[in-house]
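Undergrad: Below is a structure I'd like to ask you about.
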Amino acid sequence: MRIRVIRSFAVAAILMAVGVWTTNAQERSAAPALWLKTTAFSDGGDIPMKYSSCNLAPGAPMVSPAFQWSNAPKATAGFVLIMHDIDFNPQKSVLDVTHWTAYNIPASATELPEGIAPDSPVAGTGVQGKNNRGMNGYLGPCPPAGNRPHHYVFEFYALDQRLDLPAGAARADLLKAMDGHIIGKSSYVGMFPPK
């Protein structure tokens, strides 16, 4: 009799756990995912020359594309944007070429304007990190002449806390600080040079 009671409780506990898990899984799958977009080019499409670093006149600023996002998790404390060229790694290092990082973008923000200048704030209190040329800002795409089009990935993260990093942090330090705090992610891809 005692064994039957114990089994009954065990079965009930398992069913309750499965029921809770199923409900939570349904809630998770029903929640819209964080997404990132730009009207400058389609996801997987060609990045216009306007946003590249090729053929710039001396002293002319590079122009970063505008971005918008939505569906941030409720616990979001800030955002991070990382742009990198996944097809080019001249030094065969762990990381490929970093074109742009921006972090501590406020949780209340929903967009970045076009043409964010180097060393300038991002969406109010966000900051920019170092790109592969050592500049704190956007570095437009421009792979070596004769290369096939490269994939430039814009990764966008929602974090559960702000990062204790000053402006000008390296991408490796940024990734280390983000570790364990990512609660949402989206990405967008642009190709350059245009086909």
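Undergrad: Test of understanding: among A145, A117, which residue is among the hydrophobic types (A, V, I, L, M, F, W, C), assigned to a loop (DSSP other than H, G, I, E, B) and closer than 22 Å to K37 by Cα?
TA: A117
Undergrad: I've got another one for you. Among H151, H99, which is in contact with an Asp or Glu (Cβ under 6 Å, 6 or more places away or on another chain) and either on the phi < 0 side of the Ramachandran plot or in the same structural domain as K50 (by TED's automatic domain parsing) (or both)?
TA: H151
Undergrad: Please find, within the stretch 148-164, the residue that is surrounded by the most Cβ atoms within 10 Å (Cβ to Cβ) out of those that are over 17 Å from the mean Cα position of the chain (by Cα) and in a loop (DSSP other than H, G, I, E, B).
TA: Residue satisfying both the conditions and the ranking: P149.
Undergrad: Being under 19 Å from L163 (Cα atoms) and not polar (S, T, N, Q) is the filter here, so list the residues in the stretch 94-111 that pass it.
TA: W100, A102, Y103, I105, P106, A107, A109
Undergrad: On the given criteria, is L175 of a type in the set (A, V, I, L, M), part of a helix (DSSP H, G or I) and within 17 Å of M83 (Cβ to Cβ)?
TA: Against the criterion (of a type in the set (A, V, I, L, M), part of a helix (DSSP H, G or I) and within 17 Å of M83 (Cβ to Cβ)), L175 qualifies.
Undergrad: Right, here's the next one. Would you mind telling me which numbered condition in (1) over 16 Å from the mean Cα position of the chain (by Cα); (2) touching a residue at least 60 places away in the same chain (Cβ under 8 Å); (3) farther than 21 Å from D46 by Cα Y103 fails?
TA: Result: Y103 passes all but (1).
Undergrad: Does the stretch 110-122 contain any residue that is within 14 Å of V153 (Cα to Cα) and either surrounded by fewer than 21 Cβ atoms within 10 Å (Cβ to Cβ) or assigned by TED's automatic domain parsing to the domain that holds P144 (or both)?
TA: No.
Undergrad: Identify the residue in the stretch 120-142 that is hydrophobic (A, V, I, L, M, F, W, C) and outside any strand (DSSP E or B) and, among all such residues, is nearest to M49 (Cα to Cα).
TA: Looking at residues that are hydrophobic (A, V, I, L, M, F, W, C) and outside any strand (DSSP E or B), I get C142.
Undergrad: Looking at M135, M178, M191 in this structure, which one is touching a residue at least 12 places away in the same chain (Cβ under 8 Å) and either touching an Asp or Glu at 6+ places or on another chain (Cβ under 6 Å) or not assigned by TED's automatic domain parsing to the domain that holds N55 (or both)?
TA: Going through M135, M178, M191 in turn, the sole match is M191.
Undergrad: State whether one or more residues within the stretch 93-108 are of a type in the set (D, E), part of a loop (DSSP other than H, G, I, E, B) and buried (at least 18 other Cβ atoms within 10 Å of the Cβ).
TA: Yes: one or more hits.
Undergrad: Another question about this same structure. Just name the residue that is farthest from M191 (Cα to Cα) out of those in the stretch 51-77 that are part of a loop (DSSP other than H, G, I, E, B) and among the polar types (S, T, N, Q).
TA: Per the criteria, the residue is T76.
The values are calculated or read from the model by the stated rules, or taken from the named source; none is laboratory data. Remember, predicted model here, so these are calculated numbers, not experimental data. Heads up, the Cβs are rebuilt from the backbone with ideal geometry, glycines too, and the neighbour counts pull from every protein chain shown.
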